[in-house]
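Undergrad: The structure follows.
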Amino acid sequence: MTQLNQTNQINQTNQMNQTNSLHWYALRTKSRHEKIVRDQLANQGIEPLLPTVKRMSQWKDRKKEIEVPLFSGYCFVRFASDDKLPVLKTIGVVDLVGSGHRPEAIPDQEIAAIRTLMASVLPYDPHPYLHEGMRVEVIRGPLQGVQGILLRKDKRHRLVLGVRLIQQAAAVEIDVNDVVPA
């Protein structure tokens, strides 16, 4: 094998390893700096993702449709974990999201799902992150202000209201859009 072929093969292997080591991370940004962070990362050659949603905004004299971040205060970025310093030094970046001072990678399928949603023609809005077993509060309707535990049964969401002292509970069907984490 010639020296040139060996060099090309090493370069291809390095590129493949670098691509395989790229992961998605969430960045916490300063308030209203999400677009600035996205643009600066892109200018540095780092792949950002800022999901947005269209909103009607009204000023005194006019209405205008604007794009706002879907996840306020956050921007996603794809990079190798060894290359976090340029990301952290980007103006507007507060921190990488993770646990114990270590950034935590976001699974590719979660980012792919958000990208698919953004590419679709379906209307979408931000929504509180809810999971089964979470304590929630009803924000509208006849049960407004009531807190309980969110459950799923037969593809429907139910709010469980319990009396701990007697170890009894009642469940009512609820629209998941009417609750937020308590």
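Nothing in this text is a laboratory measurement; each read-out follows from the coordinates by a stated rule. No experiment lies behind these values; they were computed from the predicted model shown. Glycine also receives a Cβ, built like all others from the backbone with ideal geometry; neighbour counts cover every protein chain displayed.
Undergrad: Between region 111-182 and region 46-89, what is the separation of their alpha carbon centroids in Å?
TA: 26 Å
Undergrad: Please compute the net charge surrounding TYR25, taking Lys and Arg as +1 and Asp and Glu as -1 over other residues with Cβ under 13 Å from its Cβ.
TA: On the way: positive: ARG28, ARG78, LYS84, ARG102; negative: GLU47, ASP82, ASP83, ASP95, GLU104, ASP108, GLU110.
Residues close to TYR25 contribute a combined charge of -3.
Undergrad: Can you count the Lys pairs in the chain whose Cα atoms are under 17 Å apart, with each pair 8 or more apart or on different chains? Display every interim value, and only then the final one.
TA: Details: LYS30/LYS89; LYS35/LYS54; LYS35/LYS89; LYS54/LYS63; LYS54/LYS64.
So the count works out to 5.
Undergrad: Say R0 is 41 Å: what FRET efficiency, to the nearest 0.05, do LEU85 and ARG62 get from their beta-carbon distance? Could you put the intermediate results ahead of the total?
TA: On the way: r = 43 Å, r/R0 = 1.06.
Efficiency computed from Cβ-Cβ geometry: 0.40.
Undergrad: Let's see if you can work this out: charge +1 on each Lys and Arg Cβ, -1 on each Asp and Glu Cβ, no other charges. What is the dipole magnitude of the chain about its Cα centre, in debye to the nearest 20? Write down the numbers at each step before the final one.
TA: Values: 24 positive and 19 negative charges, 110 e Å.
Dipole magnitude for the chain comes out near 520 debye.
Undergrad: Let a ≥ b ≥ c be the square roots of the eigenvalues of the Cα gyration tensor of the chain; is it rounded (a/c under 1.5), or, if not, prolate (a/b larger than b/c) or oblate?
TA: Details: a/c = 2.62, a/b = 1.77, b/c = 1.48.
The shape class here is prolate.
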